[in-house]
């Protein structure tokens with residue numbers, strides 16, 4: 001279950017999960033423009049690709065599902081979750097920087 005060897009199918013699952021996480025994130029925090037959408041989408045995909053396996057394993061262990069899930073299912077869920085949180089986190093940081101970034105220091 002924890003064997004994440006470089007299998008072509010598992011790479012496809014990683015990409016699918018990362019893209020799905022970024023797409024789902026559109027519902028939660030809409031981007032204000034194309035540039036913000038592109039940067040958040042690419043950050044979400046990269047985050048899902050990089051942090052998908054450890055996030056999936058962590059979630060499977062916390063939910064006590066390690067024995068019942070295949071490697072592909074763990075990767076898909078982990079990539080989607082990592083992508084979703086990367087997108088959402090970047091969006092929140094962008095909005096905070098926009099709101100508080102131009103204030104003069106007192």
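Residues in segment 90-106 that are modelled with pLDDT of 80 or more and under 19 Å from the mean Cα position of the chain (by Cα): 93 only.
For residue 60, state whether it is under 12 Å from the mean Cα position of the chain (by Cα), assigned to a helix (DSSP H, G or I) and buried (at least 16 other Cβ atoms within 10 Å of the Cβ). The answer is no for residue 60.
Within segment 22-40, residues that are farther than 11 Å from residue 90 by Cα sit with their Cβ atoms under 9 Å from residues that are surrounded by fewer than 16 Cβ atoms within 10 Å (Cβ to Cβ) and at pLDDT 80 or above, at 6+ positions apart or across chains, in these pairs: 22/42; 32/98. Within segment 28-35, the presence of a residue that is assigned to a helix (DSSP H, G or I), at pLDDT 80 or above and surrounded by 15 or more Cβ atoms within 10 Å (Cβ to Cβ) is excluded.
The values are calculated or read from the model by the stated rules, or taken from the named source; none is laboratory data. Keep in mind that this is a model prediction, so the values were computed, not measured. Here Cβ is always computed from backbone atoms with ideal geometry, including for glycine, and neighbour counts include all displayed protein chains.
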